[in-house]
């Protein structure tokens, strides 16, 4: 197999931006802004996202934070590189029932092999709902094939 960087193939980020990811379709989020180590994910939270206690399910917050951090990190990759998340943490700071949510992910540190990414999830009034961070591992060569 030829080296994607040499063959002029697109980057993972370029491929990701061509269409909404399946999880975005399922949950209903959109990539509002993306590039240069930063991404904003938007979600109109509604009844379909609630847990049995009547508040937004924590997994939904984790999904939009993970997507924001993943797109942000992917925007730093070269052709032929991919990545995987090796650790993700989230703190839920206030409950949400419905409304427009914004998850802003940004790459804090990008090394050759490891990257550290953070995300803040806020509501339409700018109130902080959750904070998350993630450690990403850059994959190259055979490890990146098909990812």
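The values are calculated or read from the model by the stated rules, or taken from the named source; none is laboratory data. Remember, predicted model here, so these are calculated numbers, not experimental data. With ideal geometry, Cβ positions are generated from the backbone for all residues, glycine too; neighbour counts draw on all protein chains shown.
Some observations on this one:
- Hey, residue 81 touching a residue at least 40 places away in the same chain (Cβ under 8 Å), over 11 Å from the mean Cα position of the chain (by Cα) and surrounded by 12 or more Cβ atoms within 10 Å (Cβ to Cβ) or not: yes
- The sole residue among 146, 99, 115, 126 that is surrounded by 15 or more Cβ atoms within 10 Å (Cβ to Cβ), at positive phi and free of Cβ contacts under 8 Å to residues at least 60 places away in the same chain is 99.
- Qualifying residue in the range 60-70 (condition: surrounded by 13 or more Cβ atoms within 10 Å (Cβ to Cβ), touching a residue at least 12 places away in the same chain (Cβ under 8 Å) and either more than 14 Å from the chain's Cα centre (by Cα) or more than 24 Å from residue 128 (Cβ to Cβ) (or both)): no
- Helices (runs of 4 or more DSSP H) contained in the range 1-78 and holding at least 2 residues modelled with pLDDT of 95 or more and under 26 Å from residue 111 (Cα atoms): 58-74
- If the condition is being in contact (Cβ under 8 Å) with a residue 24 or more places away in the chain and surrounded by 14 or more Cβ atoms within 10 Å (Cβ to Cβ), then the range 24-35 contributes 24, 27, 29, 31, 32, 34.
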